[in-house]
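Written below as structure tokens is the structure these notes are about.
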Amino acid sequence: MRRGVKLGIVATLTAGLVGIAAYGAYNIYDGLSGGGGFSAAAAPAETGPPTAAEVKKTAADFLAAWAKGDATAAGALTNDAATASADLAAYRKDAHVARVRLTPGAAKGDVVPFKVVASLSYQGKSSTWTYSSALTVFRGETTHRPLVDWEPAVLHPKLTDGQSLETGEAASPPVDVVDRNGKVLDADDYPSLASVLPQLRERYGAKLSGGKPGIETWVNAADGPGQTLHVISKGTAAKLPTTLDARVQKAAEQAVRRSSQSSVAAVKASTGEILAFANNPSSDNNNAFNAQVAPGSTFKVVTATALLERGVTPGTPAPCPATANHDNGKMFHNVESSSDPSATFQRDFAISCNTGFIKLAGRLDESSVPTVAQRYYGFGQTWNVGVPAWDGRVPGGPGDEMTEEMIGQGQIQMSPLNMASIAATVQNGVFRQPRLVAAGLIEGPLAKAQSGLPSGVRGNLKSMMRLTASSGTAAGAMRGVYGDVGAKTGSAEVGGQEQPNGWFVAYRGDVAAGGMVLEGGHGGDSAGPIVASVLKASS
């Protein structure tokens, strides 16, 4: 900080301050705006750091002058009299401080903390603002006097050079983000929304009608108003409707608590409206929307779509050996090296047999899977969800990359929202881009698939997902989830991890959900119960 570099302080000062009590740990300085004046006492011509007594007295004199409203006298006790006096005067005028009480604490070396209780008044609205700050006392290099090292942070710790405090009418009304039924959503009740609620307010608050701005005190900088530090009057909030369902959101928040590093997202299949999403831990990353990891065998829903288009049927014989490769490429295995030599294609799907899919790789080429992902499931374009979200990635490629992508590994990157959308597309028959707010609010077009799923392909996919939910790898998690249901499990192996990432996708009626537990192991055991809990709450 500045140490004695400002030398424009009054050189000759009157001896002694009038009317200021001795400084102690419990002294309180209380002043009305426009109060009487102070003059600084001459300090002995000493060198070295100020003594404890000098620190105490200098801070006491400065706080007393500030509280009294004498900006000139207070400024004269600093190393930048002109700037400090102007800043203190602006504090009263621009922040509309009618009265301020300053209570010093015990000095810690040359630093003196103090409590500020400011009475604010603006257009008939009044409020008391309490906060803490601190000042530093040092000895001037030329004057040898103890001085307050002036910086805007003395006024408030959030201020930096060139900034000040200002009180006035907020630029826009406050915004209440509400669910599809009008219930106000807040981060205290729904911690996974903590990073998304500010994004929604920032993006869409100005587009809302209704509401009345409140009276606030904020940080003012050269580029305009900054952070709001105090609210005098809240005003009337405008309502920002979302597609979320508070009841389903609550279930999602509770469900992810069962596993660390877990995420889930649920959508309404017929519209793409996002009903809920949750993360544990809740963080700014929002992995439910932004994770970019391989989804494992849950992606076999897309691979199966490509194979069904190429003439494979649920009853096509598709033996499931313990290991298999394609065209002398990478050798693949099944979980726990299981095998079923008499398996059909639907059996491979239901028990999540990797090798059965690999042995069918000759039916496809390197562009088959990414083409199907784009044509029917909306990938390969921007998803304008309403807040930042990953669009999914299915790059395709020859050789081992093609076979790895067939079982949801390789360079494929998905989020739980992406995978929930895949399940929703199977259930609905047509891709509906997930979104968090009304389509009319979103800037940019919603993504659209080139075509709906062919009816025969869709029917076979639903049949295989139903089998997986009833008697395949998803049966345990889906127990008790009734109605028109389907599911798929996944375990994505990642180099350097002891356990694979667990994945699960499922639908029930018009609701589809996707879940992920990083290093969770088998998807049916880790992510499955999370997704099932969300589906149960959606009825």
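The values are calculated or read from the model by the stated rules, or taken from the named source; none is laboratory data. Keep in mind it's a predicted model, so treat the numbers as computed, not measured. With ideal geometry, Cβ positions are generated from the backbone for all residues, glycine too; neighbour counts draw on all protein chains shown. To get the accessible areas, we keep the full protein, side chains included, count just its heavy atoms, and leave off ligands, DNA and RNA. Shrake-Rupley method; radii C 1.70, N 1.55, O 1.52, S 1.80 Å.
Before we move on, is S233 polar (S, T, N, Q), open to solvent by less than 40 Å² (accessible area, probe 1.4 Å) and more than 16 Å from S415 (Cβ to Cβ)?
The answer is yes for S233.
Which residue out of A506, A512 is open to solvent by less than 30 Å² (accessible area, probe 1.4 Å), in contact with a Leu (Cβ under 8 Å, 6 or more places away or on another chain) and outside any helix (DSSP H, G or I)?
The conditions single out A506.
Given (1) in a loop (DSSP other than H, G, I, E, B); (2) at pLDDT 95 or above; (3) small (G, A, S), identify the lone condition not met by S192.
All conditions are met except number (1).
Can you say whether T489 is open to solvent by less than 40 Å² (accessible area, probe 1.4 Å) and in contact with a His (Cβ under 6 Å, 6 or more places away or on another chain), as far as the supplied structure shows?
It is false that T489 is open to solvent by less than 40 Å² (accessible area, probe 1.4 Å) and in contact with a His (Cβ under 6 Å, 6 or more places away or on another chain).
Given the criteria open to solvent by 10 Å² or more (accessible area, probe 1.4 Å), touching a residue at least 40 places away in the same chain (Cβ under 8 Å), within 19 Å of Q163 (Cα to Cα) and not small (G, A, S), does D110 qualify?
Judged against the criteria, D110 is not a match.
When residues of the stretch 67-85 are filtered for being open to solvent by 30 Å² or more (accessible area, probe 1.4 Å) and either among the hydrophobic types (A, V, I, L, M, F, W, C) or under 43 Å from the mean Cα position of the chain (by Cα) (or both), how many remain?
Final tally of qualifying residues: 2.
Being open to solvent by less than 50 Å² (accessible area, probe 1.4 Å) and out of contact with any strand residue (DSSP E or B) (no Cβ under 7 Å at 6 or more places or on another chain) is true for just one of P321, P295, P314, P281. Which residue is that?
P321
Which condition number in (1) touching a helix residue (DSSP H, G or I) at 6+ places or on another chain (Cβ under 7 Å); (2) closer than 15 Å to S164 by Cβ; (3) of a type outside the set (F, W, Y); (4) open to solvent by 10 Å² or more (accessible area, probe 1.4 Å) is the one that L88 fails?
(4)
Answer yes if at least one residue in the stretch 101-116 is touching a helix residue (DSSP H, G or I) at 6+ places or on another chain (Cβ under 9 Å), closer than 18 Å to L159 by Cβ and in a helix (DSSP H, G or I), and no otherwise.
no
Among (1) under 30 Å from L240 (Cα atoms); (2) open to solvent by 20 Å² or more (accessible area, probe 1.4 Å); (3) assigned to a loop (DSSP other than H, G, I, E, B), there is one condition G440 misses while meeting the rest; what is its number?
Of (1) under 30 Å from L240 (Cα atoms); (2) open to solvent by 20 Å² or more (accessible area, probe 1.4 Å); (3) assigned to a loop (DSSP other than H, G, I, E, B), only one is false for G440: (3).
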